[in-house]
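Working notes, structure below.
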Amino acid sequence: QILKCLPFKLTKSQEKVLNEINLDLKSDTRMFRIVQGDVGSGKTIVSLLSVANVIENDEQCALMAPTEILAKQHFDLAKKIFVDNKIKIEFLTGKTEVKKKKKIIHDLENGNIDFIIGTHSLFQKKINFKKLGLAIIDEQHKFGVKQRSELAKKGGINCDVLLMSATPIPRTMMMSLYGDMDISKITEKPAKRKKIITLSKPEKKIN
């Protein structure tokens, strides 16, 4: 349903990775997978489509990003994609006002929120879920191992974990770092993606 409503078609590479994730979600073993792909290759849409399947099975999802700007981008995209579905999505960062934060904490514990998107705030001790089924961590290299595990721990030993990274890591180094992790790669670029510009600027021009 969601795929039909998207204003674009998934690339073959995205479909392949989505199938790999879905097989993990259906299996009896816990998923621990990293999705690698260039900036703009469509990692986020693949992770959001995975979220839909988990929520369909009455479990909650969390997506953690290293900055408020990135987390908000994911939140806005999720709101667009799930606009016709009855998925309850919330946004939590260190700047969330106290009253709203209290309500979010309460709703997460009672299962009134299906999908929470935010920053480091998500792995704080006071944040508890009714049934967290999938923890997604974007730009995972910007978080420590303990920080990543603190979020996953909130879903218990069966909580599936999906990491995303645009940082290329040589395979030998990857196997020593992530020997217990499955690897998915998005190698194609969507047809209409904007050109990615990488440049350097003198410090005085940064503003």
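Read-outs: derived from the displayed coordinates by stated rules, not from any lab. What you are looking at is a predicted structure, and each value in this text was computed from that prediction instead of being measured. Cβ placement follows ideal geometry from the backbone for every residue including glycine, while neighbour counts extend to all protein chains displayed.
Below is a table of values for the structure above.
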{"item": "Calculated FRET efficiency for the pair Lys204/Lys26, C-beta based, R₀ 41 Å, to 0.05", "result": "0.15"}
{"item": "Enclosed volume per residue, in Å³, of the convex hull spanned by Cα atoms of the range 37-105", "result": "105 Å³"}
{"item": "Directionally averaged projected area (convex hull, Cα atoms, the range 85-150), nm²", "result": "4.9 nm²"}
{"item": "Contour excess over end-to-end distance, with Cα ends at Val39 and Val83 and 0.36 nm allotted per residue", "result": "13.3 nm"}
{"item": "Cα centroid separation, the range 89-159 to the range 1-47 (Å)", "result": "21 Å"}
{"item": "Full-extension gain in nm, Gln73 to Ser149, via 0.36 nm per residue minus C-alpha separation", "result": "25.0 nm"}
{"item": "Expected 222 nm ellipticity per residue - DSSP helices of 4 or more, -39500 (n - 2.57), all of the chain, to 500", "result": "-11000 deg cm²/dmol"}
{"item": "Given 16 as the ceiling on other Cβ atoms within 10 Å, longest exposed-site-free region of the chain for trypsin sites (Lys or Arg not before Pro) in DSSP loops", "result": "132-191"}
{"item": "Within the range 26-59: backbone nitrogen closer than 18 Å to the Cys5 label point (7 Å, Cα to C-beta)", "result": "45-58"}
{"item": "Mean Kyte hydropathy of -1.0 or more with a Cα span along the axis of at least 18 Å, helices from DSSP in the chain", "result": "12-26, 43-56, 68-81"}
{"item": "Alpha-carbon radius of gyration plus Dmax, which is the widest Cα pair, for the chain in Å", "result": "17.0, 54"}
{"item": "Solution diffusion estimate, µm²/s, Stokes-Einstein, the range 22-66, Kirkwood Rh from C-alpha pairs, 37 °C, viscosity 0.692 mPa s", "result": "276 µm²/s"}
{"item": "Two-site FRET efficiency, Ile157 against Lys126, from Cβ-Cβ distance with R₀ of 25 Å, rounded to 0.05", "result": "0.70"}
